[in-house]
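Notes to accompany the following structure.
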Amino acid sequence: MSRNKARIKAGLVLTLPSFFVVFAFLIYPIGYLIRMSFYDYSPLRSLQPVFVGLENYKWLITSDIVSHSLLVTIAFTILSVALEVFLGLMVAVLLAKLLVEGKTLIDKIFCSVVNGFLILPFATPAISAAVAWKMLLQPSFGPVDAILNQQIAWFSEYPLLSIILADAWKMTPMILFLFLAGILSIDPGQFEAARIDGANTLQEFYFLTLPSILPVLGVATAFRAVDAFTKVFDIVFMTTGGGPGNDTQVFPLLVWKTAFDHLQFGQASTLAVAAILISLLLSGILLLVRRKA
Amino acid sequence: MKISRSARIVIYVVLIVAILFSFFPMAWMLTSSLKPENEIYSDPPTWIPQTFTTRNFSDLFDKFNFAILTRNSVIISVSVVVISLVIGAMAAYGFSRYKFTGSNILLGGLLLTRMITPSSLVVPLFSIMETLGRLNKLDSIIVGVAVLNLPFVVWMLKPFFDELPREVEEAGEIDGLSPVSVFWRISVPLAAPGLFTVLLFSFIAGWVDLLFGMSFSTVPEAMPLTVGLMQMQTGYKIYWGAMMAGGIYLTLPTFLLALIFQQFLVKGMRSGF
């Protein structure tokens, strides 16, 4: 009993600082947020917050800007994660094959070169990636249009596609390395056996590789999707700024702009409460999925 | 087992395309950063700078305050590392070793916050920092980044502590070490690879933060590099040359860290999930 008490004490002492930080700068702010969501507070009109009851929540449910923003975010999430998973899986499978079965010195050197290059987008700060892609997709002096021999203003003509491309460029390596680790943990003997049974490369992928990494694939994809949905910000902010119109106004950006561009702190708080509820819901589902996998 | 000739060709072609795709945006940024302003605007663009110049890089310091901004970014990153390592390691160790009633619920609660939308936290933190008079001070940015980083750190470190052999710690306890000494003198050194991974991720988290920086500071004295880079795009003009140079400047440290310590980063990605 006393040993258990000592353990409780040690456990509390060690974890207490983190709870203090989380309480002071996370729980308390969220409480503040919930309170402000019942107020109209726009410093431009009045310095005093005015209690408006459920007014902001009515706005949240009925506003076209909000529902449009959610739709944009969902579209962005599905398309960018699908692209990332497709590219990541393809490269991971091929790279794993060369890593395991490539026996020549050139194969080995090439693999480490590939490894080095693939980490580059992941290591690039999102804001730098945004600036780089803004340059690449410039209509008059950007190289992409020069290669295609076109004059396309990508970020205004195909804004959603452009931010998806930039995001996929930055985030594919992460998913790729997770898949790669999953594939490399498959017992090589199983590939050997499949070959002896006469399986070709496609059959090998479909009947052996894919089922083996399905848990990793599921969890990594789910995590990436939640991250994309809740955290997309820097790249969109820097390239399209949510435009043209509201075409790329993803939800995290809408929260920020409502507060800091339109100075509507009450409405922004309501949006933030909604964002946090969505995050908690999604991460709750994730924890369950992860436990199953 | 040998790879067939046709499979080898497919593998090499796809991987080379992957290399080009990974490498091209930053390579283009690098060559553009070395071009004079008028050459950046040339249509069609030049693939290799016709006239080399380092003007864009010197402009960063002469016109865009990059000396001060660099200092700020370093202070922010290092502070985030220290806070994350100390508080995060203690918490992860506590959760790993001392299971007590309710510890799982607390851990779950901490981990749920890993998914919170950062921009929704900026709104109330802004008001709180305003009340405390911490706007346009680096500590408000540090706190924001560190708080959102902390759940991630605990999530990433706990598996490292879980894997440590208990026997070594128990031997320490039998030798009469207090729980704190066991933690500090035995477990921390053994978990060094994990702690180093957290150090890398935390440093990068501080270095790349845009959100808290641009929300909490409006003066160069308290502004990180990311915000300086963002401000090169104004409503009237985009300073392309300086922006390309600034993008390279901001990327170089994280890129070097990633290249040198790739195994740690990949391991961190895996345990971060």
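The values are calculated or read from the model by the stated rules, or taken from the named source; none is laboratory data. Every value quoted in this text rests on a predicted model; they were computed, and no experiment measured them. Backbone-built Cβ (ideal geometry, glycine too); neighbour counts: all protein chains shown.
Look at (1) of a type in the set (Phe, Trp, Tyr); (2) buried (at least 17 other Cβ atoms within 10 Å of the Cβ); (3) not assigned by TED's automatic domain parsing to the domain that holds B:Leu195 and you find that B:Trp47 fails only one, number (2). On the basis of being within 20 Å of B:Glu221 (Cα to Cα), assigned by TED's automatic domain parsing to the domain that holds B:Val180 and part of a helix (DSSP H, G or I), does B:Ile141 make the cut? So B:Ile141 fits the description; yes.
Just to be sure, is A:Val66 of a type outside the set (Gly, Ala, Ser), farther than 20 Å from A:Asp234 by Cα and in contact (Cβ under 8 Å) with a residue 40 or more places away in the chain? Spelling it out, it is not the case that A:Val66 is of a type outside the set (Gly, Ala, Ser), farther than 20 Å from A:Asp234 by Cα and in contact (Cβ under 8 Å) with a residue 40 or more places away in the chain.
Entry remark, the stretch A:124-157: residues being buried (at least 23 other Cβ atoms within 10 Å of the Cβ), facing chain B (nearest Cβ under 7 Å) and farther than 15 Å from B:Ser33 by Cα number 4 in total. Entry remark, the stretch A:1-27: residues being more than 8 Å from chain B (Cβ to nearest Cβ) and of a type in the set (Ser, Thr, Tyr) number 1 in total.
Having 3 or more residues that are more than 25 Å from the chain's Cα centre (by Cα) and aliphatic (A, V, I, L, M) is the bar; report the helices (runs of 4 or more DSSP H) wholly within the stretch A:39-134 that clear it. Reasoning before the result, please.
On the way: elements: A:55-62, A:64-101, A:105-123.
In the stretch A:39-134, the matching helices (runs of 4 or more DSSP H) lie at A:64-101, A:105-123.
Can you pull out the residues in the stretch A:269-289 that are over 22 Å from the mean Cα position of the chain (by Cα) and either more than 7 Å from chain B (Cβ to nearest Cβ) or free of Cβ contacts under 8 Å to residues at least 40 places away in the same chain (or both)?
Taking the stretch A:269-289 as the starting set, the residues that turn out to be over 22 Å from the mean Cα position of the chain (by Cα) are A:269-270.
The answer is A:Thr270, and nothing else.
Residue-level analysis places A:Ser212 outside the set of residues that are in the same structural domain as A:Val81 (by TED's automatic domain parsing), closer than 21 Å to B:Asp209 by Cα and of a type in the set (S, T, N, Q). Is it the case that some residue within the stretch B:168-182 is at the interface with chain A (Cβ under 10 Å from one of its Cβ atoms) and either crowded, with 23+ Cβ neighbours inside 10 Å or hydroxyl-bearing (Ser, Thr, Tyr) (or both)? Within the stretch B:168-182, one or more residues are at the interface with chain A (Cβ under 10 Å from one of its Cβ atoms) and either crowded, with 23+ Cβ neighbours inside 10 Å or hydroxyl-bearing (Ser, Thr, Tyr) (or both). Do we find that B:Val10 is more than 9 Å from every other protein chain (Cβ to nearest Cβ) and closer than 30 Å to A:Glu84 by Cβ in this structure? No: the conditions fail for B:Val10. Scanning the stretch A:210-241 for residues that are of a type in the set (Gly, Ala, Ser) and more than 12 Å from every other protein chain (Cβ to nearest Cβ) yields a count of 1.
Within the stretch A:150-203, how many residues are of a type outside the set (A, V, I, L, M), in a loop (DSSP other than H, G, I, E, B) and touching a Pro at 6+ places or on another chain (Cβ under 9 Å)?
Initial filter on the stretch A:150-203 (of a type outside the set (A, V, I, L, M)): A:150-151, A:154-159, A:162, A:167, A:169-170, A:172-173, A:177, A:179, A:182, A:185, A:187-192, A:195, A:197-198, A:200-201, A:203.
So of that shortlist, the ones also in a loop (DSSP other than H, G, I, E, B) come out as A:150-151, A:158, A:185, A:187, A:197-198, A:200.
Checking the rest, the ones that are also touching a Pro at 6+ places or on another chain (Cβ under 9 Å) come to A:150-151.
Total meeting the criteria: 2.
Any chance the stretch B:6-13 includes a residue that's surrounded by 15 or more Cβ atoms within 10 Å (Cβ to Cβ), in a helix (DSSP H, G or I) and within 31 Å of the chain's Cα centre (by Cα)? No: zero hits.
Of the listed requirements (1) of a type outside the set (Ser, Thr, Tyr); (2) within 7 Å of chain B (Cβ to nearest Cβ); (3) under 20 Å from the mean Cα position of the chain (by Cα), A:Phe260 misses just one: (3).
For the stretch B:111-119, check the following and say yes or no: at least one residue is assigned by TED's automatic domain parsing to the domain that holds B:Met230, surrounded by 21 or more Cβ atoms within 10 Å (Cβ to Cβ), of a type in the set (A, V, I, L, M, F, W, C) and touching a helix residue (DSSP H, G or I) at 6+ places or on another chain (Cβ under 6 Å). Yes, the stretch B:111-119 has at least one match. Listed by position, the helices (runs of 4 or more DSSP H) inside the stretch B:163-273 whose residues that are farther than 30 Å from B:Ser96 by Cα, under 19 Å from the mean Cα position of the chain (by Cα) and touching a residue at least 12 places away in the same chain (Cβ under 8 Å) number at least 3 are B:211-216, B:225-230, B:240-260.
Inside the stretch A:182-194, residues that are buried (at least 16 other Cβ atoms within 10 Å of the Cβ) and of a type outside the set (A, V, I, L, M) make up a count of 2. If you filter the stretch B:97-123 down to residues that are of a type in the set (S, T, N, Q) and out of contact with any Leu (no Cβ under 8 Å at 6 or more places or on another chain), you find that the one that is farthest from the other protein chains (Cβ to nearest Cβ) is B:Asn104.
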